[in-house]
Each structure stands twice: as C-alpha cells, then as structure tokens.
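The values are calculated or read from the model by the stated rules, or taken from the named source; none is laboratory data. As the structure is a computational prediction, the values presented were derived from the model and not from experiment. Here the Cβ positions follow ideal geometry from the backbone for every residue, glycine too, while neighbour counts run over all protein chains shown. What goes into the accessible areas is simple: the full protein's heavy atoms, side chains included, and nothing from ligands, DNA or RNA. Shrake-Rupley method; radii C 1.70, N 1.55, O 1.52, S 1.80 Å.
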Amino acid sequence: MDCIFCKIVAGEIPSAKVYEDDRILAFKDINPCAPVHTIIIPKEHSITCCNDITEDNAEIVAYIFSKIPHIAKLCGTEEGYRVVNNCGALGAQSVFHIHFHLIGGTQLSEKLN
Ligand code: 5GP
Ligand code: ZN
C-alpha cells in the first residue's frame, strides 16, 4: 500500500519519534504549524478517516486518546494543546491513514479555521 504513514511505521521513511508502543506511533510533523506539532497514528492501517470509525473499530481511537496526556507531557505541552483530525477532502485531509494532530507549545488562537 502506498501510504506515507505505513512507510513511517515500517521505518522506510525516517521520522522523529515522540512515542511508540505496540499499537500506536507518535512523531513530529514534517511541516509543523506550531512549536509542538505531533502526529499520532495507529500502526495498523485499518481506518482511513473519521468517517470509517465504527463501534467495532473505535477501540484504537479510544486507545490513542488514552495516551494523549502522556504524549502531550513528552512534548512539554501538557498545560494546553489542541487535538485535530482532518477528515476528507473538504476537511483538508492529505494522508488517508487516520491520525490526530497534537498542536501546542504556544498560546493557540481561539479561531479554529
Ligand atoms: P492531514 O493533512 O492528512 O491531516 O495531515 C497530514 C500531515 O502529515 C501533514 O501535517 C503533513 O505535514 C504530515 N506529513 C506528510 N508527510 C510526512 C512525512 O513524510 N513525515 C512527517 N513527519 N510528516 C508528514
Ligand atoms: Zn497507512
């Protein structure tokens, strides 16, 4: 499968890893929009976007969120941050392997778009 994030999981594309366990990987975004911009992904390419989340596969999404406080702490942004998912073309999603952006390290704007 020609998926950039699967290649990062496989080590075929290098990444600056922030956190890794047997199920998920967090790494620095190559084009950060804030001092902290970390991408968190499930290692398995089973969900492409939020529209593919079902009751049957949602557990990995819950698992990712259960690790976000730890990952935010590792990034030094536990005081405050934003978790973003871009879904679909209108949501400006560019990599179709579900992922969450952890953004912080500065005072974020109240505006979301
Ligand atoms: P999306 O637009 O799909 O929500 O987010 C994809 C993110 O992946 C973008 O913020 C983009 O900068 C990041 N990205 C794309 N290719 C690479 C890469 O090869 N390495 C890293 N670390 N980030 C990438
Ligand atoms: Zn993938």
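So, with a 1.4 angstrom probe, what is the percent of accessible area on the chain that is carbon and sulfur? Intermediate values should be presented prior to the final figure.
Details: 3580 of 6910 Å².
C and S fraction of accessible area: 52 percent.
On a 0 to 90° scale, report how tilted helix 59-74 is relative to the longest principal axis of the chain, with both axes built from alpha carbons and the result rounded to the nearest 10.
30 degrees
With the cut-off at 1.5 for a/c, could you classify the stretch 4-104 from its C-alpha gyration tensor as rounded, prolate or oblate? Working shown, then result.
Values: a/c = 1.29, a/b = 1.24, b/c = 1.04.
Note, shape of the stretch 4-104 comes out rounded.
I'd like the GluC sites (Glu not before Pro) in the stretch 12-48 restricted to DSSP loop residues with at most 14 other Cβ atoms within 10 Å, sorted by number.
Numbers: sites: E12, E20, E44; in loops: E12, E44.
Hits after loop and neighbour filter: E12, E44.
Can you give the accessible area per residue of the stretch 4-104, in Å², using a 1.4 Å probe?
On the way: 5590 Å² over 101 residues.
Value for the stretch 4-104: 55 Å² per residue.
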